1. Could you list Ile11, Ile51 so that the one with the fewest beta carbons within 10 Å of its beta carbon is first and the one with the most is last?
2. Explain nothing, just the number: dipole magnitude of region 104-182 about its Cα centre with +1 on each Lys and Arg Cβ and -1 on each Asp and Glu Cβ, in debye rounded to the nearest 20.
3. About the Cα centre, and with charges only on the beta carbon of Lys, Arg (+1) and Asp, Glu (-1), how big is the dipole of the chain? Nearest 20 debye, please.
4. Let a ≥ b ≥ c be the square roots of the eigenvalues of the Cα gyration tensor of region 67-182; is it rounded (a/c under 1.5), or, if not, prolate (a/b larger than b/c) or oblate?
5. Rounded, prolate or oblate, given the Cα gyration tensor of region 117-166, with a/c below 1.5 counting as rounded?
6. So, in Å, what gap is there between the alpha-carbon centers of region 75-89 and region 149-182?
7. If you keep only loop residues by DSSP, which GluC sites (Glu not before Pro) in region 1-108 have at most 12 other Cβ atoms within 10 Å of their Cβ?
8. For each of Asp44, Asp75, count neighbouring Cβ atoms within 10 Å of the residue's Cβ, then give the residues from fewest to most.
Amino acid sequence: MSGVPGRDVLIALVRGEGVTALGGVSDAVVAYGRGPSPDDRLRDGDEEGSIEDHRAAHASGRGSEAALAYGAGTDPELVVDRLLALGELARETGLLRAVCPVPGEGDDRRPGSWGVEDLGVVRAARAALPGDVRVRPHWRRLGPAACQVAVAFGADEWQLPDDDRSDPNHLATAVGARAVER
């Protein structure tokens, strides 16, 4: 796992501690699409699927997209353990296509997540995963503005819902990045 920060560093990021932008957004490219991808890859959706299910999909030659639950009701250590396991799987198989951090729903006592925590999880995912695995923040739960800012923390893909009329080119250009439809 050379180049991957230690578990304690990743846990701090997931907790929102010491979160900093990556810098260099001016040369960042953000891939985007509307609606689900048109291929047959395994997709967790908003709920985490098992690493074993992803491994089985990869063994059959199918790519996959993994959810990464975090925020309210989720232990940061478990978030990092899943993230490290996904990174290891990606390096082994080369078929993990994207990791999609999904904040918890929350309740009256605590919202699902808070801004710095959202960005810290994106930053931790980018640090722990190989560069060819996309980091895709959850558009519906975070909204266009947070997904836009997440580019500075390592997000490199947006999945806009079909009914969302946001202009990805405008959002990317506003932060000095370039949007490319996939």
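Read the figures in this text as sums done on the coordinates, not as results from a lab. Source: prediction; values computed, not measured. For neighbour counting, all protein chains shown are included, and Cβ atoms are generated from backbone atoms with ideal geometry for every residue, glycine included.
1. Working: Ile11 21, Ile51 14.
Going from least to most buried by this count: Ile51, Ile11.
2. It works out to roughly 240 debye.
3. The calculated dipole for the chain is roughly 420 debye.
4. Working: a/c = 1.90, a/b = 1.11, b/c = 1.72.
Since a/c reaches 1.5 but b/c is at least a/b, the shape of region 67-182 is classed as oblate.
5. Values: a/c = 2.52, a/b = 1.67, b/c = 1.51.
Prolate.
6. Centre-to-centre (Cα) distance: 26 Å.
7. Glu47
8. Values: Asp44 20, Asp75 11.
With the fewest neighbours first, Asp44, Asp75 line up as Asp75, Asp44.
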